[in-house]
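Below you'll find the structure, written out as structure tokens, and then a few comments.
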Amino acid sequence: MSAKVTGGPTHWRANLDELALGVGRLQDATEHSMRLAGEATVAGGLLAGVTIMTPQGPMIGANTVAISTGLLTMQAEVAALRAGVDFAVNSYLETEQQISRAVDAAFTPLALAISIVGVTTDVNVPNDVYEIAIRGTTSAAWAPVESAFTTLDGVLPGSKYVAGNTIGWMAGFNDNLWDVAPTQRTIGTLAHALGYLGLSQLAPYDTTNITQEPGADGWQSREALGADGSLKSMSLLQDYGYDHDTITVAKIEQPQGSDVYAVIYPGTTPVGDGDGALGALQDNAAFGVTGFVESAGADSPHVEATTLQILEQAGVPAGATVIPMGYSQGGAHAMNVGLGQQMKSKYNVTDVLTVAAYTGHRRTDDLETNLVHVEHEHDKVSALTGASNEARLNRTTIEVQGYPDEDIDAGIFGAEHNLGLIDGQLADALHDPAVQHATQIPLGKLEQKMGGPVAVQQFHLDRQQAPPTRHPTQPVHQAEPDLGAPRKIIGVRPLDQWLTATSPRP
């Protein structure tokens, strides 16, 4: 069996990214030249003043003016080029989005019907169909709401924009509500409604070091990574991808003497038998249903903060190379953490690996980090947010195909969500010369860091009890936390965050 590869250096979309990168570097060089022009002007003026009584004075002044004028002209030309490139790229992408919306509107009913068949039977349905069904259904649900605000905007100009900012802020979005994809609006607003009702709230984590047989330095030594399957990085992820509610840090020695640290996030923690839907919502497992909300609707703020604490506890030095990787829900957390500004400000995040994860909704302009996604063509989980991964110069998605002859543990999401099956199908696909060519650079960057001796530390996560929702007029007692303090939590924003000047304080 082979695989479909989108994104990466060989994909057509890479040309747009390379064009934008090239113009950006040219603009940076121009800005540097402008600083030189200013220095040349000052130096020329000083020289002209010194030699004003000599024949060289006018010539120095004229040359200085010519240099400065030429650099100013170049700056204007580069700025015009940058504007033209940005306009061309954005126009193309907007046209692509319009076509996608038209396709969604036309095929949503059929995709929804096929998706229901795929969920309720053994029929293998491509995840693209699930994406259209989810994306189209949520878009249709939001259409009358947005239409109503558009009508209101015709009566009160600007009201739609103000309402979008206000509702978006109350719901915890960083963008205007109308700039958020309908699926993300749905996940976010549902999450906040559940939080308001006290059924599901995000909160920080407590961590416990559970490393088995650690050495004097706190690390447990283990054998080097083998290549029995497709990749050494996939082998490492398989070893710890099912360690529920546990973050594993793997230290991998490099030939030049430095260390690379892989941070491994596991898949969703199974819900206990007999708990039902309400029990699943109130489950405090780190990577349970609430963990899905955090990863899909809030960009994993608490997981990122906990990861930074874990790396510090493990003794990982600032500036070290860190590679987040994860399976299923853990892959979504790995993506969010790998793109997080706090993580990038402290560590050198060179690569991110996700397998069977719903990461398509996570967009980024980061063109430096090597992002690799491995999925199965029939996996429902990768379609949960109704979006496909962007095809970018540095973002590669490998969609494996087919099933082996032997029986595979299907689990709740089917055999196509099994990490071992995906690894085996990837191993087969990498024998295809076309797949090898398309994935050589992104997989090569990842694999070259996986060859040395390995040691691990493991940390179990327990979600803290979220502070109860209180009425804004209720006084805060000394023993209670200051609920007006800035914090990242899923739940409707309390009134005291609107009236910060009159917010009650302990």
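Once you have a ≥ b ≥ c as the square roots of the Cα gyration tensor eigenvalues for the range 91-168, tell me rounded if a/c is under 1.5, and otherwise prolate or oblate according to whether a/b is larger than b/c.
Note, shape of the range 91-168 comes out prolate.
Could you list which residues have their amide H under 5 Å from that of Tyr265, counting only those 5 or more apart in sequence or on another chain, with H placed in the peptide plane?
Met325, Gly326, Tyr327
Farthest toward the dipole's positive end in the range 79-187, which of Pro109, Ala171, Gly84, given Cβ charges of +1 (Lys, Arg) and -1 (Asp, Glu) about the Cα centre?
Ala171
Assuming R0 = 51 Å, can you tell me the calculated FRET efficiency for the pair Asp462 and Ser147, based on Cβ-Cβ distance, to the nearest 0.05? Intermediate values should be presented prior to the final figure.
Working: r = 45 Å, r/R0 = 0.88.
So, using R0 = 51 Å, E works out to roughly 0.70.
Just order 293-300, 205-212, 122-129 by mean Cβ neighbour count inside 10 Å, highest at the front, would you?
Numbers: 293-300: 24.5, 205-212: 14.0, 122-129: 15.8.
In decreasing order of mean packing, 293-300, 205-212, 122-129 become 293-300, 122-129, 205-212.
Mean shadow of the range 355-415, computed from the convex hull of its alpha carbons, in nm²?
On the way: hull surface 18.3 nm².
For the range 355-415, averaging the hull's shadow over all directions gives 4.6 nm².
Can you spot the aspartates and glutamates whose alpha carbon is less than 14 Å from Lys346's alpha carbon? Ignore those fewer than 8 places along the same chain.
By straight Cα distance, Lys346 reaches Glu304, Glu312.
Taking every alpha carbon pair in the range 142-279, what does the distance histogram look like in 10 angstrom bins from 0, in percent?
9, 23, 21, 19, 17, 8, 2, 0
Taking a quarter of the surface of the convex hull around the Cα atoms of the range 316-406, what do you get in nm²?
Working: hull surface 26.5 nm².
Spelled out: convex hull of the Cα atoms, projected over all directions, averaged, 6.6 nm².
Ser235 to Val117: FRET efficiency via 1/(1 + (r/R0)^6), r the Cβ-Cβ distance, R0 41 Å, to the nearest 0.05?
On the way: r = 35 Å, r/R0 = 0.86.
The value I calculate is 0.70.
Going Cα to Cα from Lys344, which lysines come in below 24 Å? Please leave out same-chain ones fewer than 8 positions away.
By straight Cα distance, Lys344 reaches Lys251, Lys445, Lys449, Lys488.
Using a basic spin-label model with each label point 7 Å from the Cα along Cα→Cβ, how many nm lie between Glu18 and Asp128?
Distance between label points: 2.5 nm.
For the range 337-446, what is the accessible area per residue in Å², given a 1.4 Å probe and the full set of protein chains? Don't skip to the answer; put the middle values down first.
Details: 4040 Å² over 110 residues.
Dividing the accessible area of the range 337-446 by its residue count gives 37 Å².
Using the Karplus curve 6.51 cos²θ - 1.76 cosθ + 1.60 with θ = phi - 60°, work out ³J(HN,Hα) for each residue of the range 155-171 in order, rounded to whole Hz, and write x for Gly and Pro.
8, 10, x, x, 5, 5, 5, 5, 5, x, 5, 5, 5, x, 5, 5, 8
Could you tell me the calculated FRET efficiency between Ile441 and Asp217, based on Cβ-Cβ distance and R0 = 51 angstrom, to the nearest 0.05? Intermediate results must be reported in sequence, preceding the final value.
On the way: r = 35 Å, r/R0 = 0.68.
Taking R0 as 51 Å, the efficiency between Ile441 and Asp217 is 0.90.
Is there a quick way to get the dipole size of the range 276-378? I mean about its Cα centre, with the Cβ of Lys and Arg at +1 and of Asp and Glu at -1; what is the value in debye to the nearest 20?
Working: 4 positive and 11 negative charges, 28 e Å.
Computed about the Cα centre, the dipole is about 140 debye.
Less than 16 Å apart at the alpha-carbon level, and either on another chain or at least 8 residues along: which aspartates and glutamates does that give for Lys160?
Answer for Lys160, where 16 Å is the Cα cut-off: Glu146, Asp175, Asp179, listed by chain and number.
The values are calculated or read from the model by the stated rules, or taken from the named source; none is laboratory data. All of these numbers come straight from a predicted model, not from anything done at the bench. Positions of Cβ are backbone-derived with ideal geometry, glycine not excepted, and every protein chain shown enters the neighbour counts. Accessible surface areas use protein heavy atoms only, side chains included; no ligands, DNA or RNA. Shrake-Rupley method; radii C 1.70, N 1.55, O 1.52, S 1.80 Å.
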